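Submitted below is the structure of interest, expressed as structure tokens.
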Amino acid sequence: MSLTSINISSLAIDNLCDRVASGEKDLAVAWLYCDFLVHQEQSATAMLGAILRQLVGVGEMPENIRQMFRKRFSDRGLRLPDIVGMLKTTIALLPRVCICIDALDESTPKSRQELLESLRGIVQEAPGARVLFTGRPHVEEEVKKCFTKVITVPVSPTEGDIRVYLSARLDRDTGPYAMDDDLRKDIMRIIPEMISEV
């Protein structure tokens, strides 16, 4: 995930949330950040459940969702079809919904496929729903297979973006005494050069 795409995703989410906070009552926003380090915990069911929790918090929870949640949770836990059904019901009650998913490429292929297929089904039934994905280029084809009306915006970090990112990471280094000034200078010189040549 590039620094640039993280910034774009955060800016989009912040902008949408600001619009809601400033009184745009017909808009609901939900988001999540995929993280490779916890990808086993980020199944499609868990990710869509996180989106559902955010959207249900927008207004009154529909009674049928409350009942289904209680029943399914107490019986055997919620499964992907349960969550998808609840999301469809919830989104149908909202005029406009924006779902932002950052770092889609950080999810496992299985979870990503289930997530994309589930979101496709949800969006097909909800004309007011929009989805924003960010991720590395290799997931673009997977997204296009599930969503026919896709607008892609390629984003690449500049050498300056890379330098800012490296500097911030080096400043947060937990072992600052393991590095001397020469090593830091080499890192700041070599890595941006290598990445910009790709």
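So if each residue of separation counts as 0.36 nm, and I subtract the Cα-Cα distance between Leu37 and Arg79, what length gain in nm does that give? Please list the in-between numbers first.
Numbers: separation 42, 0.36 × 42 = 15.12 nm, distance 2.29 nm.
So the chain would gain 12.8 nm between Leu37 and Arg79.
How much length, in nm to one decimal, is gained on full extension between Ile187 and Gln113, taken as 0.36 nm per residue of separation minus their Cα-Cα distance?
Stretched out fully, the Ile187 to Gln113 stretch lengthens by 23.0 nm.
Continuing with this model, one more query. List every residue whose amide H lies under 5 Å from the amide H of Arg96, counting only residues 5 or more places away in sequence or on a different chain, with H placed 1.01 Å from N in the peptide plane.
Placed amide hydrogens put Ala28 under 5 Å from Arg96.
Using modelled backbone amide H atoms (1.01 Å from N, in-plane), which distant-in-sequence or interchain residues come within less than 5 Å of Phe133's amide H?
When sequence neighbours closer than 5 places are left aside, the close amide H contacts are Ile101.
Let me ask something else. Using only the Cα atoms of segment 3-146, build the gyration tensor, take square roots of its eigenvalues as a ≥ b ≥ c, and label the shape rounded, prolate or oblate: rounded if a/c is under 1.5, else prolate if a/b is larger than b/c, else oblate.
Details: a/c = 1.73, a/b = 1.14, b/c = 1.52.
Oblate, since a/c reaches 1.5 and b/c is not below a/b.
None of the figures in this text is laboratory data; all of them are computed from the coordinates on show. A quick note: this is a predicted structure, and the numbers were derived from the prediction, not measured.
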